[in-house]
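This is the structure I have questions about; it appears just below.
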Amino acid sequence: MERPWKRQNLSLNLDEFERHTEKITVDRISKLPDALLLQILSFLQMQDVMRVCCVSTRWKHLWKSVPSIDFTEAKIRTTGEFIRAVNKALSNRGGLQIREFRACVDSDLCQINNVDYWITVVVSHNVEVLYLDCIPNRPFGKNKDKLCLIPQSMYQCQYLHTLTLKFCQMDLPSIFCLATLRKLHLELVEFTDEDLEVLLSNCPALKYLTLKNCNKDTHLRVFAKNSHLENLNIHEDDWNLETDLLVSAPNLLTLNFSGMPKRERFFVENLKSLVSVNFDFSSTYCHVWDPEDHFLFGQFIENFCHVKSLKLSNWCTQDLSVRAILNNGTSVSNTINEVTLVTRFNKCELAGLVYVLKNFINLGVLILNVVKDVETEFELILKDEGFYETTYWKPDELSVAGLQQQLRTVEIHGILGSVSFSSAAELVPTEDILDKRRTEFEFVRFLLKNLTELETMFITPTEGLNTLSYSKKLDILFQLSSRLLSLPRSSPNAHIIIRPIQRTGKF
C-alpha cells in the first residue's frame, strides 16, 4: 500500500539536508592556525594523529610538529609495527621540541636498544614529560633480567619536570643532575638504598615522589635527607614479609601509605616538617591480626603524633578497635588537630572511634566516612578471643567528657550507608530502615552527649538514597532529620546541619 506521507517527509528531510550541506563548503578546521591545530592534535594518540593528517594536503606534514607523542594506547597488531611507528614519529622531528613522550611497550618483546634510542632522541629534543611503561603482558615473578635498563642519557635531561618509569632498572651515572624534575613516579623499579638516596639528592627541585611496588624482594629505604621532597606516596601489595620499610625526609609535608603492605618492620625518622599522613590500607589486609604482631600498626602510628592531619582507612579503624578492646592502647602525647576515619559503624569499630577520642585530645575536627558493613576476619578474630558486641560497646558506661576541649567540628559523610539499599527498600517502612542502622544513631548520640565544646556537626546522607524513588527518599530524609535534630546535646552552641546528598567517591 502506497504511503505518500512517508515519501513527503523523506523528501522534505532530504531537501533540508541539501540546503544545509550547500552552506558547508569551506573546510573551517583547516583555516585554523597551526598552533591551535597542534594543540588539538596533542590530545590524540600518535597513531591517530598520523591517520588524521592524511585527510588533508595541508595537514600532510603537520603530525611531525605535534608537541606530544603518545603511544600508551596504540592498537598496533605486532611489536615490529609498533617499533616502526614510534621510530617514524621520532625520526621526523627535525629541530622541533618534543614536549611530552609517552609509550607502553612489553619488555619481553621490545629490544632494549629501541628504548635506548627513544629516550636518547626525546632527551635531545628537550622533553619535559617522559612516561615509559615496560610492564610485560604476562604474570611475572623474580626474573629481574627482564627489567628495562634506563640509559644514562636520560639523567642528563635539562628540561624534564615529570618522569614516570614502570618495570625498569636504574643505572645511575657517577655525575648527573635533573635540575628541573618536580614529579617522579616509579613502579616495579628495582634500586639499592644508595641509588635512591643519590637520585633524590641530585633532583633539587623534586617535590612529589610515588613508589609503587618497588623493591618487592628487598628493603625499601627512602633517605631524602638532602632533598626538598614534600610529598611521598608509597603503595605496596603483599610483598616480602622479611624486609623493612624506612622513611627519612626532613622536608616532607605529606606522607601517603596505601595497598596491603606486609613488610616485617616499619621505621620513620627525621620527619620534623610532616603535616599530613594518610593510611589508605585495603580493608582485606589482615596481617596485623596475627597473634604475635597484630599491634604493629598501632605502634607504627605512634611515630606520627606530631602531625596536624591524620587519615585512616577502615582497616586502620579496625586495628585501633583491637587495641582498645584488648586494652593494649597506650595514651601518647600528640598534636593531631584533624582526624579522618573510614568506618562501617558496626559495634566492633565503635571501640576504635572511642579510642581516637580518648587518645587524640587536641582534636579540632573529626571526619567520619561511612561505608557498607560486611563481615571480615576482624569480627571472627574477636569472637575467637571471646569478645562480643556487648563486651565492648556500652555507650551508657563509656565517656570521653572533659577530654575533648577543642573539638569544635564533626563531619559524618554517608550516614545510613552502613547497610546498602535494595529495590525492596521501597516496601519497607521508613522506621524499620532507620532502626536497622541504629548503631549510627547511637554513636551520634554518644558524640552529642560527650562533646561539650562542639559547635557544628555536618551530616551528609549516603548517596545510596538516590536509588530510591523521590517520595521514599524524601520520607527517609525527613525522618532522619527529625531523629537527629531531637537528640540531646551537652554543648549549648552545638548545631546540626544536614547537607544535600553528594557523590563522595572512594574513601
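The values are calculated or read from the model by the stated rules, or taken from the named source; none is laboratory data. Keep in mind it's a predicted model, so treat the numbers as computed, not measured. Every residue, glycine among them, receives a Cβ derived from its backbone with ideal geometry; neighbour counts consider all protein chains shown.
Looking at (1) at pLDDT 95 or above; (2) within 25 Å of E302 (Cα to Cα); (3) surrounded by 20 or more Cβ atoms within 10 Å (Cβ to Cβ), which is the one condition that is false for L206?
(2)
Continuing with the same structure: Which one of N303, N327, N359, N334 is farther than 24 Å from L271 by Cα, in the same structural domain as V444 (by TED's automatic domain parsing) and modelled with pLDDT under 85? Spell out how you get there, then give the answer.
Numbers: N303 fails: farther than 24 Å from L271 by Cα; N359 fails: farther than 24 Å from L271 by Cα; N334 fails: farther than 24 Å from L271 by Cα.
So the residue among N303, N327, N359, N334 that is farther than 24 Å from L271 by Cα, in the same structural domain as V444 (by TED's automatic domain parsing) and modelled with pLDDT under 85 is N327.
May I pose another question? Please tell me if E440 is closer than 14 Å to V370 by Cα and modelled with pLDDT under 95. Spell out how you get there, then give the answer.
Working: closer than 14 Å to V370 by Cα: yes; modelled with pLDDT under 95: yes.
Criteria met by E440.
Yes or no: R445 of a type in the set (D, E, K, R), in a helix (DSSP H, G or I) and in contact (Cβ under 8 Å) with a residue 12 or more places away in the chain? Don't jump to the end; show me each part of the working.
Working: of a type in the set (D, E, K, R): yes; in a helix (DSSP H, G or I): yes; in contact (Cβ under 8 Å) with a residue 12 or more places away in the chain: yes.
Yes, satisfied.
Within segment 169-188, track down each residue that is assigned to a loop (DSSP other than H, G, I, E, B), out of contact with any Phe, Trp or Tyr (no Cβ under 7 Å at 6 or more places or on another chain), more than 18 Å from E100 (Cβ to Cβ) and at pLDDT 90 or above. Steps first, answer last, please.
Step one: list which residues in segment 169-188 are assigned to a loop (DSSP other than H, G, I, E, B), which gives 170-182, 188.
Imposing the further condition that a residue be out of contact with any Phe, Trp or Tyr (no Cβ under 7 Å at 6 or more places or on another chain) reduces the set to 171, 174-175, 177, 179, 181.
Those still in the list that are more than 18 Å from E100 (Cβ to Cβ) too: 171, 174-175, 177, 179.
Correct list: I175, C177, A179.
OK, next. What pairs can you find where one residue is in segment 328-350 and farther than 20 Å from W315 by Cβ, the other is at pLDDT 90 or above and assigned to a loop (DSSP other than H, G, I, E, B), and their Cβ atoms are less than 6 Å apart, with a gap of 6+ or different chains?
Matching pairs, first to second residue: N337/K308; N337/G364.
Just name the residue that is modelled with the highest pLDDT out of those in segment 265-277 that are surrounded by fewer than 18 Cβ atoms within 10 Å (Cβ to Cβ) and under 22 Å from K216 (Cα atoms).
E269
Filter segment 151-168 down to the residues that are in a strand (DSSP E or B) and surrounded by 19 or more Cβ atoms within 10 Å (Cβ to Cβ) and list them by number. Give the derivation first.
So in segment 151-168, the residues in a strand (DSSP E or B) come out as 162-166, 168.
Matches in segment 151-168: L163, L165, K166, C168.
While we're here: Just one of S491, S481 is in contact with a Ser or Thr (Cβ under 9 Å, 6 or more places away or on another chain) and among the polar types (S, T, N, Q); which is it? Walk me through how you get there before you give the answer.
Working: S481 fails: in contact with a Ser or Thr (Cβ under 9 Å, 6 or more places away or on another chain).
On inspection, the qualifying residue turns out to be S491.
Could you pull out the residue among C134, C148 that is crowded, with 16+ Cβ neighbours inside 10 Å, modelled with pLDDT under 90, within 17 Å of D70 (Cβ to Cβ) and in contact with a strand residue (DSSP E or B) (Cβ under 8 Å, 6 or more places away or on another chain)? Spell out the reasoning first.
Values: C148 fails: within 17 Å of D70 (Cβ to Cβ).
Sole residue among the options that is crowded, with 16+ Cβ neighbours inside 10 Å, modelled with pLDDT under 90, within 17 Å of D70 (Cβ to Cβ) and in contact with a strand residue (DSSP E or B) (Cβ under 8 Å, 6 or more places away or on another chain): C134.
Go through segment 481-502 and report how many residues are touching a strand residue (DSSP E or B) at 6+ places or on another chain (Cβ under 9 Å), of a type in the set (G, A, S) and within 18 Å of T409 (Cβ to Cβ).
1
Also: Would you mention how many residues in segment 334-352 are crowded, with 22+ Cβ neighbours inside 10 Å and either hydroxyl-bearing (S, T, Y) or more than 20 Å from K308 (Cβ to Cβ) (or both)?
The number of residues fulfilling the criteria is 8.
Among the residues of segment 97-109, are any surrounded by fewer than 15 Cβ atoms within 10 Å (Cβ to Cβ) and modelled with pLDDT of 70 or more?
yes
Does L398 fit the bill of being surrounded by 13 or more Cβ atoms within 10 Å (Cβ to Cβ), in the same structural domain as L312 (by TED's automatic domain parsing), outside any helix (DSSP H, G or I) and modelled with pLDDT of 80 or more?
Values: surrounded by 13 or more Cβ atoms within 10 Å (Cβ to Cβ): yes; in the same structural domain as L312 (by TED's automatic domain parsing): yes; outside any helix (DSSP H, G or I): yes; modelled with pLDDT of 80 or more: no.
No: the conditions fail for L398.
Do we find that L220 is within 22 Å of the chain's Cα centre (by Cα) and not assigned by TED's automatic domain parsing to the domain that holds A103 in this structure? Explain how you work it out, then say what you get.
Values: within 22 Å of the chain's Cα centre (by Cα): yes; not assigned by TED's automatic domain parsing to the domain that holds A103: yes.
Here the answer is yes, as L220 does meet what is asked.
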